[in-house]
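Readers should treat all values here as calculations from the given coordinates under stated rules, not as data from a laboratory. Everything numeric in this text was worked out from a predicted model, so none of it was measured. A quick note on method: Cβ atoms are made from the backbone with ideal geometry, for glycine too, and the neighbour counts reach across all protein chains shown.
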Amino acid sequence: MERSETHGGFDESALEFQRKILERSGLGEQTYLPAALHEIPPAPSMAAARQEAEDVMFGALDNLFKSTNVNPKDVGILVVNCSLFNPTPSLSSMIVNKYKLWGNIRTFNLGGMGCSAGVIAVDLAKDMLQVHRNTYAVVVSMENITQNWYFGNKKSMLIPNCLFRLGGAAILLSNKPTDNRRAKYKLLHIVRTNQQQDATGKVGVSLSKDLMAIAGGALKANITTLGPLVLPISEQLLFFATLITQKITESKTRPYIPDFKLAFDHFCIHAGGRAVIDELEKNFQLSEQHVEPSRMTLYRFGNTSSSSIWYELAYTEAKGRMKKGNRVWQIAFGSGFKCNSAVWEAVQAVKPAETSNPWADCIHNYPVEIK
């Protein structure tokens, strides 16, 4: 708020709006913004945005290679997703040059796909691993804030300023049989669904009051596809029976929502905002512990876009809750409108990592009560 006030570009109404959103957002006081936005006045630039990208990507990758003891030169596939910052040379090229990866590595750069792009990136890596045997794939999920801070007074475009924060994750996937014993998770399913949605001079991202209704429609399409893959037959029959009844009678009543607690032990709901988490907690009848990773991620790190579901998984690991055979549902929403799901099964009890886990130095302080 101090930086917003000293900037001078926001009118009193816009400042008060930001203050109210921040107070109700579910974000704590320790989230991160890039260096350029801490300057007085803020100094966003291409060079500063590139520096932010390097800090996030290389920090995550250094941790990844150290904790897995994998030589970067053994990586055969690299997928990077970042929606709003797509420079030339690309982010994937920056990684190739930094870690001296082989010239014939298969690299992909995904842009403009929103907060659910992390699941899309994993899906692409999975498809590539089915074609190219005995290799590693690395997925880097992040967003870039430096050049995407909104300095105008339109309220729907001010909301991202209050929610989005700096962060990123790097994920190592393998199809090597020898990695069976040391892998933490096995990827079981990925389900991707899209919905179409059809509206100054200052650039920004708009989050409208219709967001939850649109998200609900995308979620319904997603769970209709995911349900038969993961739910007990009794829940599947109930779900499809209500869908058919609704269609025949043209009823406007809400469809039966299956009990996904019968299919999953842990839930990683994209920390897009307090309302998103509240809505899924209510609709899926989840317990406070089920949504704790999402709420605490939003509080500690803010909305880190596509990487938030990995902060949530890391929270569950840091708490020592991930047991062998546990199933995890990562669910992410993004522009388009998209709803994407990934289902993982723990192939072993996951011990809390002391170096690569972002919660390692503070997990004893959580959960906290959020007003």
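Only Cα pairs under 8 Å and at least 6 apart count here; give the relative contact order of the range 1-73 as a rounded whole percent. Walk me through the numbers before you get to the answer.
Details: 27 pairs, mean separation 19.9, N = 73.
In percent, rounded to a whole number, it is 27.
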Net charge (Lys, Arg +1; Asp, Glu -1) of residues whose beta-carbon lies under 11 Å from that of T297, T297 excluded, is +1
If unit charges are put on Cβ atoms (+1 for Lys and Arg, -1 for Asp and Glu) and the dipole of the range 1-156 is taken about its Cα centre, the option from W102, L37, N81 lying farthest towards the positive end turns out to be W102
Note, G325: beta-carbon cut-off 9 Å, +1 each Lys/Arg, -1 each Asp/Glu, net +1
Expressed in angstrom and rounded, the centroid-to-centroid distance over alpha carbons for the range 1-47 and the range 127-157 is 22 Å
For the pair V131 and N86, the simple spin-label estimate (label points 7 Å beyond Cα toward Cβ) gives in nm 1.9 nm
With DSSP loop assignment and no more than 11 other C-beta atoms within 10 Å, the GluC sites (Glu not before Pro) in the range 229-298 are E250
Restricting to Cα pairs under 8 Å and 6 or more apart, the percent relative contact order of the range 252-307 works out to 40 percent
Options (i) 25.1, 85; (ii) 20.7, 62; (iii) 21.7, 77 for Rg and Dmax of the Cα atoms in Å; the value derived from the coordinates is listed as (ii)
Distance in nm between L187 and Q289 label points, each 7 Å along Cα→Cβ, equals 3.0 nm
Here the percent of antiparallel bridges among DSSP beta bridges lying wholly in the chain, to the nearest 5, is 60 percent
Filtering trypsin sites (Lys or Arg not before Pro) in the range 86-188 by DSSP loop and by at most 10 other Cβ atoms within 10 Å leaves K100, R133, R181
Per the helix-only model, the chain has a calculated mean residue ellipticity at 222 nm (DSSP H runs of ≥4, -39500 (n - 2.57) each, divided over all residues, rounded to the nearest 500) of -12500 deg cm²/dmol
